[in-house]
Amino acid sequence: MLCLHGFLQNGNILRMRIGSMRKGLKSRVHFQFHDAPFHAASTLTEQQIKDVGGSTDGLTWFQWSDLGPDKRPSLAVKYSNWDTTYAGLCDALRQQQPDGLFGFSQGATAAALFLAALQTAQRQGKDLDVPLPKFCIVCAGFLPRDPEYAALLESAKVDVPTLFVMGASDALIPPARSHALMDTFDQRTADMFEHPGAHMVPTCTGEFKQQMVSFLGRFDSDASGTVSVGTSLDSLDDATAAAGAEQQKTEAAAVFDKP
């Protein structure tokens, strides 16, 4: 499963954040992590990054063309350079052949946009050498504020089986914003899990683990039941998992898309 991190994160940070999921699903899923193509500092000022608690080496899946020194990304409605992200993800799928995608926050929206763009292209006979993922997991995703990209999702009606995960107490991406994204997908192939927490990837235990196992079980690709995707990573030890939990608290203040 190819995993896409959130705003001002990178693949290594997401790897720490989903330690519980990696442990809980280690017999079923191999995880790989892909970095966004842009440094946030290429679009945002140092002060803007500081204001949201990030660092200048943080990454973003898209840029914005309507930002000013006093305008934060959450208010931007003109995304730019998505073509670079799309091309990079196409290359990643060609090379790694993942069975599915996982995205958190901005990475979840990037995963949704990528599926919409890829299915639109393939329906027109383009990019047919890119393997369409069998499934997607969208955690704390949101409908883009840019009307052009919202329209892309609306028109594509992505029918890749997708599990939408959202937090009932998420003040950064309220469930209504995640539902708005979910509503653009083909409802026959869209599933939802709502946890009681905030802006986070929930701990992979109990009901959430059961939901994940059930969802992923529909796409078992070998006799052992493992979704065979990319290179396996060792499980996190307790110290790394704790570091991931602490990073999760820090990133909550840095996520760009607070309403």
Once neighbouring chains are kept in place and the probe is 1.4 Å, which whole percent of the accessible area of the stretch 1-40 is contributed by carbon and sulfur?
45 percent
Loop trypsin sites (Lys or Arg not before Pro), the stretch 120-202 (other Cβ atoms within 10 Å of the site Cβ: 15 or fewer; DSSP):
Lys126, Lys157, Arg188
What ³J(HN,Hα) values, in whole Hz, does the Karplus curve 6.51 cos²θ - 1.76 cosθ + 1.60 give for the stretch 151-168 when θ = phi - 60°, with x put for Gly and Pro?
5, 4, 5, 4, 6, 6, 6, 3, 10, 5, x, 9, 9, 9, 10, 9, x, 4
Per-residue HN-Hα couplings for the stretch 31-40, Karplus 6.51 cos²θ - 1.76 cosθ + 1.60 at θ = phi - 60°, whole Hz, x for Gly and Pro?
9, 10, 10, 10, 8, 5, x, 10, 7, 4
I'd like to check one number: the per residue accessible area of the stretch 58-205, probe 1.4 Å, reported in Å² as a whole number.
37 Å²
Full-extension gain in nm, Gln122 to Glu154, via 0.36 nm per residue minus C-alpha separation:
9.9 nm
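What area, in nm² and to one decimal, does the C-alpha convex hull of the stretch 74-129 cast on average over all directions?
Projected area, direction-averaged: 4.4 nm².
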Taking amide hydrogens as modeled 1.01 Å from N in the peptide plane, which residues meet the under 5 Å criterion relative to Trp64, leaving out close sequence neighbours?
Ser80
Amide H neighbours of Phe193 at under 5 Å, excluding residues fewer than 5 places away on the same chain, with H built from the backbone geometry, are Phe164, Val165, Met166
Placed amide H near Leu59: partners under 5 Å, 5+ positions off or other chain:
Leu8, Gln9, Ala40
DSSP-defined antiparallel bridges as percent of all bridges, the stretch 1-149, nearest 5:
30 percent
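Got a number for carbon plus sulfur as a percent of the stretch 114-217's accessible area, 1.4 Å probe?
Numbers: 2220 of 4160 Å².
About 53 percent, which is the carbon plus sulfur part of the accessible surface.
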Between the modelled labels at Gln47 and Ser214 (7 Å from Cα along Cα→Cβ) the distance in nm is 5.1 nm
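The values are calculated or read from the model by the stated rules, or taken from the named source; none is laboratory data. What you see is a predicted model, and the numbers here were worked out from it, not measured in a lab. Note: ideal-geometry Cβ built from the backbone for every residue, glycine included; neighbour counts use all protein chains shown. Each accessible area value is taken on the protein alone, full model and side chains, heavy atoms only, with ligands, DNA and RNA left out. Shrake-Rupley method; radii C 1.70, N 1.55, O 1.52, S 1.80 Å.
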